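S.K.: What follows is a single structure, and I will ask about it in a moment.
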Amino acid sequence: MRYQIHHQTTYIYNQPVFLKPHIVRLRPRSDGWQQLEHFSLTVQPEPTGTAQILDLDGNSLIQTWFNSPTEQLALTVEATVETFINNPFHYLLDPWALKLPFDYPSSLLTQLKPYLQPHNITLHPEVIQLAQDILHQSESHPQTFLATLNERIYKQCQYLVRHTGEPWQPGITWNTKQGSCRDTAVLFMEVCRSIGLAARFVSGYQEGDRDMEQWDLHAWVEVYLPGGGWRGYDPTHGLAIADQHIALAASAIPPLAAPVTGHVTPVQPLIGTNQVPQAKMDVHLTIKAI
């Protein structure tokens, strides 16, 4: 599939601010799953400088910095991406990885440690119970476990639109049976980690209904399967990731896959205005198959 993406995000501030350096994670990945054919990023106000950064997970970041006050920040992306994988199950697991939990070789375990640690200090009891229930139901088969977990979250959790804010604690998402895509992604990720399945958080785009007029950024999970590598699951839609998803960034730590991060400081001292800088975010996104 080939997709044309137009994505504009505008932050409108309640007062003049100085923009601290910002990190932009809006360049689609380019690998064996998808190929980036064209990408442009326009930033207003125009940055004093930009730098191309490759982070620890291999994500392509754009660092921007500024020297003039402003009352808004606008980022516009134009991209063309081709996706290739229409069968997400076309792989063979390593012979030692046919049953859960995995007994990782020491060298692989060392590499995967960041993706095995709980997102929070400890795992929620609700997360552990959910994992054990599905582990028993799937008879410890890795792919059956992941498919069952994906379906369970999709069918039992109501989707909520939350454009801003950190992901909810996974126990809250499961107890309330609702959440945004990033909330259910963190829930899925934590269930996997609780039984020793390495998992990471992914931000990106999803084609959705072709008759839609407005899209939102999306989030899902990639699980590391020995022999199959990183394989994606989207609990919001109950899908295994194939050629209708376009990944931007992935990380063991969800905030490190956020599309845009950065801080601002007020032009006028806070003691004089008694007004903390706040931003209203306006997003326009279209994804068209071409």
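The values are calculated or read from the model by the stated rules, or taken from the named source; none is laboratory data. Model, not experiment: these values are computed from the prediction. Using ideal geometry, Cβ is built from the backbone for each residue, glycine included, and neighbour counts are taken over all protein chains shown. Accessible surface areas use protein heavy atoms only, side chains included; no ligands, DNA or RNA. Shrake-Rupley method; radii C 1.70, N 1.55, O 1.52, S 1.80 Å.
S.K.: Loop only by DSSP, 11 or fewer other Cβ within 10 Å of the Cβ. Give me the chymotrypsin sites (Phe, Trp or Tyr not before Pro) in the range 39-92 that pass, ordered by residue number. Can you show the working numbers first?
M.R.: Numbers: sites: Phe39, Trp65, Phe66, Phe84, Phe89, Tyr91; in loops: Phe66, Phe84, Phe89, Tyr91.
Sparse-neighbourhood loop chymotrypsin sites (Phe, Trp or Tyr not before Pro): Phe89.
S.K.: Considering only the other residues whose Cβ falls under 12 Å of the Cβ of Ile172, what net charge follows from Lys and Arg at +1 and Asp and Glu at -1?
M.R.: -3
S.K.: Which angle from 0 to 90°, rounded to the nearest 10, does the C-alpha axis of helix 181-194 make with the longest principal axis of the chain?
M.R.: Long axis of 181-194 versus the principal axis of the chain: about 40 degrees.
S.K.: With +1 assigned to the C-beta of every Lys and Arg and -1 to the C-beta of every Asp and Glu, and no other charges, what is the dipole magnitude of the range 1-144 about the Cα centre in debye, to the nearest 20?
M.R.: Here the range 1-144 has a charge dipole of around 220 debye.
S.K.: Only Cα pairs under 8 Å and at least 6 apart count here; give the relative contact order of the range 1-144 as a rounded whole percent. Please report the intermediate quantities before stating the final value.
M.R.: On the way: 193 pairs, mean separation 42.0, N = 144.
Reported as a whole number, the value is 29 percent.
S.K.: Given contacts defined as C-alpha pairs under 8 Å and at least six residues apart, what's the relative contact order of the chain, whole-number percent?
M.R.: Numbers: 625 pairs, mean separation 84.1, N = 290.
29 percent.
S.K.: Between Trp65 and Asn120, how high is the FRET efficiency from 1/(1 + (r/R0)^6) when r is the Cβ-Cβ distance and R₀ = 45 Å? Nearest 0.05.
M.R.: 0.90
S.K.: Report, to the nearest 10°, how far helix 125-137 tilts away from the longest principal axis of the Cα atoms in the chain, using its own Cα long axis and a range of 0 to 90°.
M.R.: The helix 125-137 is inclined about 40 degrees to the chain.
S.K.: Next question, about the same structure. In the range 57-156, what percent of the accessible surface is made up of carbon and sulfur (1.4 Å probe, ligands and nucleic acids excluded)?
M.R.: With neighbouring chains kept in place, the figure for the range 57-156 is 52 percent.
S.K.: Another question about this same structure. Compute, for the chain, the length of the dipole vector about the Cα centre, with Cβ point charges of +1 (Lys, Arg) and -1 (Asp, Glu) only. Units Debye, rounded to 20.
M.R.: Numbers: 18 positive and 26 negative charges, 79 e Å.
The dipole magnitude comes to about 380 debye.
S.K.: If each residue of separation counts as 0.36 nm, what is the full-extension length gain between Ile253 and Ser107 once their alpha-carbon separation is subtracted?
M.R.: Gain on extension, Ile253 to Ser107, equals 50.4 nm.
S.K.: Would you work out which of Phe66, Gln268, Trp96 lies farthest towards the positive end of the dipole of the chain? Charges go on Cβ: Lys and Arg +1, Asp and Glu -1.
M.R.: Ranked along the dipole, the leading option is Gln268.
S.K.: Another question, then. Taking Cα atoms, how many degrees apart are the long axis of helix 106-116 and the longest axis of the chain, rounded to 10 and kept between 0 and 90?
M.R.: 50 degrees
S.K.: Cα to Cα, under 19 Å, and not fewer than 8 places away if on the same chain: which aspartates and glutamates meet these conditions relative to Lys177?
M.R.: Result set, ordered by chain and number: Glu126, Asp133, Glu151, Glu166, Glu190, Asp234.
S.K.: Pulled fully out, how much extra length does the chain show between His6 and Met281, if you take 0.36 nm times their separation in residues and subtract their Cα-Cα distance?
M.R.: Net length gain for the segment: 97.3 nm.
S.K.: Given R₀ = 25 Å, what would the calculated FRET efficiency be for Gln268 paired with Ala74, taking r from the Cβ atoms and rounding to 0.05? Walk me through the numbers before you get to the answer.
M.R.: Working: r = 22 Å, r/R0 = 0.90.
E(calc), rounded to 0.05, equals 0.65.
S.K.: Per residue of the range 19-30, in order, report the coupling 6.51 cos²θ - 1.76 cosθ + 1.60 (Karplus, θ = phi - 60°) as ³J(HN,Hα) in whole Hz, putting x for Gly and Pro.
M.R.: Working through the residues one at a time gives 8, 6, x, 10, 10, 10, 10, 10, 8, x, 5, 10 Hz.
S.K.: Continuing with the same structure: Residue-wise, which Karplus ³J(HN,Hα) couplings in Hz belong to the range 9-14, taking 6.51 cos²θ - 1.76 cosθ + 1.60, θ = phi - 60°, and x for glycine or proline?
M.R.: 10, 10, 9, 10, 8, 7
S.K.: Let me ask something else. First select every other residue whose beta carbon is under 15 angstrom from the beta carbon of Tyr104; then total the charges, Lys and Arg +1, Asp and Glu -1.
M.R.: +1
S.K.: Ok, one more. Which whole-number value in Å² is the accessible area per residue of the range 6-109, probe 1.4 Å?
M.R.: 54 Å²
S.K.: Now for a separate question. Classify the chain as rounded, prolate or oblate, taking a ≥ b ≥ c as the square roots of the eigenvalues of its Cα gyration tensor: rounded when a/c is under 1.5, otherwise prolate if a/b is larger than b/c and oblate if not.
M.R.: It comes out prolate by the Cα gyration axes.
S.K.: Another one. May I ask which residue of Ala247, Gly196, Leu75 lies farthest towards the positive end of the charge dipole of the chain, with charges of +1 (Lys, Arg) and -1 (Asp, Glu) on Cβ and the Cα centre as origin?
M.R.: Gly196
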